[in-house]
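*Asks:* Mind looking over this structure? Questions follow.
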Protein chains: 2
Amino acid sequence: MIEETDESFCRRYFGGRGFISYFLLKEVPRGAEPLGPENKLIFATGPVTGVPVPGSGRNSVGAKSPLTNIYGDGEVGGYWGAEFKHAGYDALIVEGKAEKPVYLWIDDDKVQIKDAGHLWGKPTKECQELIHEELGNNNIRVAQIGPAGEKMVRFACIINDLGYACGRCGIGAVMGSKNLRAVAVRGRQKIRVADPEGLSSIAKWYRDNFKNIGWPRMLHSHGTAARFIDINRHGGLPTRNFQTGLFEGAEKVSQDAIVTALKGRRGCYACPVKCKLIVSIDKPYRVDPAYGGPEYETEAALSSVCGIDNLEVLLKASELCNAYGLDTISTGVTIAFAMECFERGILSEGDTDGIRLNFGNAEGMLRLIHLIARREGLGNLLAEGTARAAESIGKGAEEFAMHVKKQEIPLSEPRWKPGTGLGYVVAPQGADHNDNIHDIWYETAIVNELNNFGVFEPVSVNDLGVNKVRLLYYGSMWKQMQNCLVLCWMTSYPVQKIVDIVRATTGWPTSVFELMKMGERCIQMCRYYDIREGMSKGEDKLPERFFTPIESGPLKGYKLDRIVFEKAKNIYYDMAGWDRTTGAPTIGKLQELGIEWIADT
Amino acid sequence: MIEETDESFCRRYFGGRGFISYFLLKEVPRGAEPLGPENKLIFATGPVTGVPVPGSGRNSVGAKSPLTNIYGDGEVGGYWGAEFKHAGYDALIVEGKAEKPVYLWIDDDKVQIKDAGHLWGKPTKECQELIHEELGNNNIRVAQIGPAGEKMVRFACIINDLGYACGRCGIGAVMGSKNLRAVAVRGRQKIRVADPEGLSSIAKWYRDNFKNIGWPRMLHSHGTAARFIDINRHGGLPTRNFQTGLFEGAEKVSQDAIVTALKGRRGCYACPVKCKLIVSIDKPYRVDPAYGGPEYETEAALSSVCGIDNLEVLLKASELCNAYGLDTISTGVTIAFAMECFERGILSEGDTDGIRLNFGNAEGMLRLIHLIARREGLGNLLAEGTARAAESIGKGAEEFAMHVKKQEIPLSEPRWKPGTGLGYVVAPQGADHNDNIHDIWYETAIVNELNNFGVFEPVSVNDLGVNKVRLLYYGSMWKQMQNCLVLCWMTSYPVQKIVDIVRATTGWPTSVFELMKMGERCIQMCRYYDIREGMSKGEDKLPERFFTPIESGPLKGYKLDRIVFEKAKNIYYDMAGWDRTTGAPTIGKLQELGIEWIADT
């Protein structure tokens, strides 16, 4: 069924996370089972998706998460989102469950549900090739789950264009639960925008200038992995399941090491940055360049956090995750959890199918990736994620499960960046790298950009006082707005340029204020949804490990102060308009944002 | 003593009301007597005062109010503010009390305290002429109190350039309490701005376009009185002490009637709108054109609200208020109160020095203005304002005292414009016409400008639902920001132009968001100050009259619904982050705005 949206709806909820949280609140019944037919899988673009400015080639996919049991989504680059928009759509809501494996074929306004029996069980590359062949066109964009999604691994992802992962919250498992293997899209329609010349001039400005902006310049040369060594030098590189922040083998798997395997770069729709590395090796494994290459989170998850300094294994593991459709962060952190359990005698070789699962066991990691994706042996347990696995294992394993709200923690060290730690705790989908402003903001952008938010005081990475919490809250408003706009935040546009992009695209006389309030609206919708689905305020917490000292390296002895952290959390609650007792948004905040209806859902 | 301010202070508190509330919180001890030496009188400009763009010719003067006992200030146009800024100052803080009458002479960086014995008791025009003569320069700008301020009438104002009144909260009485008759200024310094060409182009844009913007076009032709007849036609013109909203004699004192006495127009520094009428008549009274002419509030206060349809009396009364230094709103509403008390037998001829003080008694009104300014007879009682007078009178007089927090209600009818009524109740200085967005916003600006605030839904004048409260709160943020910027809101600049003016003047990379947060910071500082000075949440209320039906006219039967009004007030509290029990700003809101220090004052 194709539904029209009106402008007032679009302006209030923008797209992306705004749309997803809206539809989850409105259409998915309270208490729905994430992997049951009541859950809905929502592909959403944003108002600027597919317009010809860099950063517009993204889309979100969300659902109630089978990993966290609360709000879940992922956002992804590439070409699928723009193609889908060019087919004439803003969002796709998948309901119920197909009786047998199917895929969806969207050819502009022609939509077909097609049999996917022959695709089932296939790696993503083979699946995409088969679809291209069947539909007779290699330019068709395919978003798909892999075998891990079919098996409903709780951290299965959705892959488009093979190398782009809509990674987190197990959205791929939801897609698998619906027997939907892929959504293939071809779009040939022009997007009407309010001010095409305005957009052109912004795009030109970006192409002319992005190499002068620190972060995109680094992205262009080394991808998101660009700061790996720098982070390790600071002593903040999560290593051996976050026991330390200094990885002695870092140089071997650094960004410079990775580029020795570089075969090219690719990017996303309309973007000159081309931050995605394409790597390939022939031995000891063949790593297929079709799958792209590792980003920072993948790099750390499949090396330092498992104590592995083997470049070839890192590249192979990254390829396997894309071929199986596994979220690399959860995969790496879950394996690291198993490794620590093994080292501490909580798991034995009897549990691990004979793998001596010490940190640094590269072959063991590769083997576990296969097992997890296929849900075989120990893999079937780990496919549930660290939190559920720890609960099954017992024997104190929970202490080593690095998760917030059952989602594995991304590769930023909260003891180094307590603001990021607080961000993990208050984010709607548990520990996520995409919910909060990134630590680089603290370091580089204070004087210029953040003054747009009226933040004023420079804050250091280590700080967790009022000024940092304000920066975090205002920054989250902006970040969530970008998650609704579905505009790549890594492009690092100045704030006013983003206002200009929205104006030129939509014709709305918008401002930073409205955009910030959009972000805040989204924060509150997601938070309310989580509380509605039974999340308690007590779950706003970090693993105990972060309140104990880092074991070695430049940050040796660093730990979070529990009193400071709890105080900062309360300040965040206050700033966000969350009741300190229940943790829920106050009705006044909902009313201010025009979303008091959510309290009736 | 001359103190320097740093940029971070200026950016956080801007100027105007931001500065005044800062210094009151920081420097005036809790519980200070408004007319005692502990109180401080603060003249404040804003960051854009005196720069060559229309609307920049204003200044604020504030203190703890002797009328309300809480936060008080007034804002005024003309030339004094720009002159003061050109003398090199942002603010002037007057402390303590002079032993005998003095005036201040600021000649660029030369500041002298001069004897004012010979000025005492003189009307404002004579005083200004004497100062000009003494200092040998008729271009010197003079801000002064009149005889009413000397006598500490609780609604005495400060007058500059004779026709411009810094009217409300009895700030003139504070000046009188310090024995300070005037501040004369001559400034010859150039203001350095970040982008002079940017400012020029905004000024040019305004000069070229202001006649195409509805409100400035009307201002240019009829001053702020332009909508008088229109308001009466709606039935919302406060008449006979707010008993009704339809004044049968309105045509005789309308904007069109006033312009029959027009001798010219004048404006403020750098402004082409020239919204100040200059009127003059010779009989039956001589009205001196030096005093300008009535604005809307004055017009209604000295005609309909007293039931007087005599143009000549209106013009004379307006002149007298400027000559004595009386706030016209409080003057008219206080006299109307006395008239109603007289009609209802609460006051008799024995109380009124024999004046038959019925509504419509034009000569009686003129007589009372003299008596109030001189604190003679009944005038001495009325010089205390309606609330204190009613308390002294007893006999149920309080029912007819139209005030909020002891400040007389401006000439907008809350039963017609409930949003304005709510605004009176939550404003920091009691009923004030300058604290909230003006009702014309509801009617004309929804689709265009307000969408900058993400308000979206059109709201009608009569509405008081969530959308109206949001509009009111967001509108108050913007309005308070303008009170800190000290930029004339009547110029009706589009939102983005104001951002541009601030950027071009200061060089700050500011945004609508920062400006809105500045306004919110100011709201919270003033609110906190009021609570600190003992104001209770119970004082957030309107006179009972507004919960009873309007007696006649198109709005006959209109009344405020108490349940709806209380509900809206609670929504406002919630949106503002005010505790519903105490009415005080929550610490989280203060922390968000970086002003948690005020809780320690």
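*Asks:* Which members of the stretch B:106-150 meet the condition of being of a type in the set (Lys, Arg) and not in a strand (DSSP E or B)?
*Replies:* Pass one, the stretch B:106-150, residues of a type in the set (Lys, Arg): B:110, B:114, B:122, B:125, B:141.
If the condition is that a residue be of a type in the set (Lys, Arg) and not in a strand (DSSP E or B), then B:Lys122, B:Lys125 are the ones that fit.
*Asks:* How many residues does the stretch A:476-531 hold that are on the phi > 0 side of the Ramachandran plot and within 12 Å of chain B (Cβ to nearest Cβ)? Step through it out loud before you land on a result.
*Replies:* Going residue by residue through the stretch A:476-531, those that are on the phi > 0 side of the Ramachandran plot are A:486, A:492, A:507.
Those left that are additionally within 12 Å of chain B (Cβ to nearest Cβ): A:507.
Number of matching residues: 1.
*Asks:* Something else now. Is it fair to say B:Asn462 is at pLDDT 95 or above and open to solvent by 10 Å² or more (accessible area, probe 1.4 Å)?
*Replies:* Values: at pLDDT 95 or above: no; open to solvent by 10 Å² or more (accessible area, probe 1.4 Å): yes.
For B:Asn462, the condition - at pLDDT 95 or above and open to solvent by 10 Å² or more (accessible area, probe 1.4 Å) - is not met.
*Asks:* Here is a follow-up. Answer yes or no: is there a residue in the stretch B:300-314 that is under 30 Å from B:Val53 (Cβ atoms) and in a helix (DSSP H, G or I). Don't jump to the end; show me each part of the working.
*Replies:* Filtering the stretch B:300-314 down to residues under 30 Å from B:Val53 (Cβ atoms) leaves none.
Within the stretch B:300-314, none of the residues are under 30 Å from B:Val53 (Cβ atoms) and in a helix (DSSP H, G or I).
*Asks:* Can you pull out the residues in the stretch B:527-560 that are in a loop (DSSP other than H, G, I, E, B), within 24 Å of the chain's Cα centre (by Cα) and not basic (Lys, Arg)?
*Replies:* If the condition is that a residue be in a loop (DSSP other than H, G, I, E, B), within 24 Å of the chain's Cα centre (by Cα) and not basic (Lys, Arg), then B:Glu533, B:Gly534, B:Met535, B:Ser536, B:Asp540, B:Leu542, B:Pro543 are the ones that fit.
*Asks:* May I ask you to list the residues in the stretch A:212-226 that are out of contact with any Lys or Arg (no Cβ under 6 Å at 6 or more places or on another chain), part of a helix (DSSP H, G or I) and open to solvent by 20 Å² or more (accessible area, probe 1.4 Å)? Steps first, answer last, please.
*Replies:* Initially, the stretch A:212-226 is screened for residues out of contact with any Lys or Arg (no Cβ under 6 Å at 6 or more places or on another chain), giving A:212-216, A:218-226.
Next, from what is left, pick out any that are part of a helix (DSSP H, G or I): A:212, A:214-216, A:218-226.
Across the stretch A:212-226, the qualifying residues are A:Asn212, A:Gly214, A:Trp215, A:Met218, A:His220, A:Ser221, A:His222.
*Asks:* I'm told B:Val404 meets every condition in (1) open to solvent by 10 Å² or more (accessible area, probe 1.4 Å); (2) closer than 17 Å to B:Leu67 by Cα; (3) of a type outside the set (Ser, Thr, Tyr) except one. Can you identify the failing condition by its number?
*Replies:* (1)
*Asks:* Let me ask something else about it. Within the stretch B:7-37, track down each residue that is open to solvent by 50 Å² or more (accessible area, probe 1.4 Å), closer than 18 Å to B:Trp597 by Cα and within 14 Å of chain A (Cβ to nearest Cβ).
*Replies:* If we filter the stretch B:7-37 for residues that are open to solvent by 50 Å² or more (accessible area, probe 1.4 Å), which is where we start, we get B:7-8, B:26-27, B:29-31, B:33, B:37.
Next cut, closer than 18 Å to B:Trp597 by Cα only: B:8, B:26-27, B:29-30.
Residue satisfying the conditions is B:Ser8 alone.
*Asks:* Right, another one. Could we say that B:Leu262 is within 22 Å of B:Trp416 (Cβ to Cβ) and open to solvent by 30 Å² or more (accessible area, probe 1.4 Å) here? Lay out the reasoning, then the answer.
*Replies:* Details: within 22 Å of B:Trp416 (Cβ to Cβ): no; open to solvent by 30 Å² or more (accessible area, probe 1.4 Å): yes.
No: the conditions fail for B:Leu262.
*Asks:* Please find, within the stretch A:66-84, the residue that is most open to solvent (accessible area, probe 1.4 Å) out of those that are in contact with an Asp or Glu (Cβ under 7 Å, 6 or more places away or on another chain) and more than 30 Å from A:Ala389 (Cβ to Cβ).
*Replies:* Pass one, the stretch A:66-84, residues in contact with an Asp or Glu (Cβ under 7 Å, 6 or more places away or on another chain): A:69-71, A:78-80.
Those left that are additionally more than 30 Å from A:Ala389 (Cβ to Cβ): A:78-80.
Working: A:Gly78: 0, A:Tyr79: 63, A:Trp80: 1 Å².
Looking at the filtered set, the residue picked out is A:Tyr79.
*Asks:* What number of residues within the stretch B:15-54 satisfy the criterion of being within 19 Å of the chain's Cα centre (by Cα) and not in a helix (DSSP H, G or I)?
*Replies:* 10
*Asks:* A follow-up question, please. Considering only the stretch A:541-556, I want to know if a residue exists there that is among the β-branched types (Val, Ile, Thr) and within 14 Å of chain B (Cβ to nearest Cβ). Steps first, please.
*Replies:* Going through the stretch A:541-556, the residues among the β-branched types (Val, Ile, Thr) turn out to be A:548, A:550.
Then keep just the ones that are within 14 Å of chain B (Cβ to nearest Cβ); that gives none.
For the stretch A:541-556, residues among the β-branched types (Val, Ile, Thr) and within 14 Å of chain B (Cβ to nearest Cβ): absent.
*Asks:* Here is a further query. Given the structure, is B:Val142 open to solvent by less than 10 Å² (accessible area, probe 1.4 Å), touching a Cys at 6+ places or on another chain (Cβ under 8 Å) and in contact (Cβ under 8 Å) with a residue 40 or more places away in the chain? Lay out the reasoning, then the answer.
*Replies:* Working: open to solvent by less than 10 Å² (accessible area, probe 1.4 Å): yes; touching a Cys at 6+ places or on another chain (Cβ under 8 Å): yes; in contact (Cβ under 8 Å) with a residue 40 or more places away in the chain: yes.
Answer is yes for this residue.
*Asks:* When you scan the stretch B:506-515, do you find a residue that is among the aliphatic types (A, V, I, L, M), in a helix (DSSP H, G or I), crowded, with 22+ Cβ neighbours inside 10 Å and within 25 Å of the chain's Cα centre (by Cα), even just one? Reasoning before the result, please.
*Replies:* Initial filter on the stretch B:506-515 (among the aliphatic types (A, V, I, L, M)): B:512, B:515.
In the following step, the residues that additionally are in a helix (DSSP H, G or I) were identified as B:512, B:515.
Filter once more, keeping what is crowded, with 22+ Cβ neighbours inside 10 Å: B:512, B:515.
With within 25 Å of the chain's Cα centre (by Cα) added as a condition, the list becomes B:512, B:515.
Yes, the stretch B:506-515 contains at least one residue that is among the aliphatic types (A, V, I, L, M), in a helix (DSSP H, G or I), crowded, with 22+ Cβ neighbours inside 10 Å and within 25 Å of the chain's Cα centre (by Cα).
*Asks:* What number of residues within the stretch A:120-136 are open to solvent by 20 Å² or more (accessible area, probe 1.4 Å) and touching a strand residue (DSSP E or B) at 6+ places or on another chain (Cβ under 7 Å)?
*Replies:* Going through the stretch A:120-136 one residue at a time, the tally reaches 3.
*Asks:* I want to confirm something. Restricting to the stretch A:437-455 and keeping residues that are part of a loop (DSSP other than H, G, I, E, B) and at pLDDT 75 or above, which single residue is nearest to the other protein chains (Cβ to nearest Cβ)?
*Replies:* Step one: of the stretch A:437-455, the residues part of a loop (DSSP other than H, G, I, E, B) are A:437-438, A:445-448, A:454-455.
Still in the list and also at pLDDT 75 or above: A:454-455.
Numbers: A:Gly454: 4, A:Val455: 8 Å.
Looking at residues that are part of a loop (DSSP other than H, G, I, E, B) and at pLDDT 75 or above, I get A:Gly454.
*Asks:* Only one of A:Ala257, A:Ala184, A:Ala194 is modelled with pLDDT of 95 or more, open to solvent by less than 10 Å² (accessible area, probe 1.4 Å) and small (Gly, Ala, Ser). Can you tell me which?
*Replies:* Details: A:Ala257 fails: open to solvent by less than 10 Å² (accessible area, probe 1.4 Å); A:Ala194 fails: open to solvent by less than 10 Å² (accessible area, probe 1.4 Å).
Matching residue, one of A:Ala257, A:Ala184, A:Ala194: A:Ala184.
*Asks:* If you don't mind, there's one more thing I want to ask. Restricting attention to the stretch B:566-601, and to residues there that are touching a helix residue (DSSP H, G or I) at 6+ places or on another chain (Cβ under 7 Å) and away from chain A (no Cβ under 14 Å), which single residue is surrounded by the fewest Cβ atoms within 10 Å (Cβ to Cβ)?
*Replies:* The residue in question is B:Thr582.
*Asks:* Of all residues in the stretch B:550-601, which are under 20 Å from B:Phe242 (Cβ atoms), in contact with a strand residue (DSSP E or B) (Cβ under 8 Å, 6 or more places away or on another chain) and among the hydrophobic types (A, V, I, L, M, F, W, C)?
*Replies:* B:Ile550
The values are calculated or read from the model by the stated rules, or taken from the named source; none is laboratory data. As the structure is a prediction and not an experimental result, all values here were calculated from the model. Every residue, glycine among them, receives a Cβ derived from its backbone with ideal geometry; neighbour counts consider all protein chains shown. Side chains included, ligands, DNA and RNA excluded: accessible areas come from the protein's heavy atoms. Shrake-Rupley method; radii C 1.70, N 1.55, O 1.52, S 1.80 Å.
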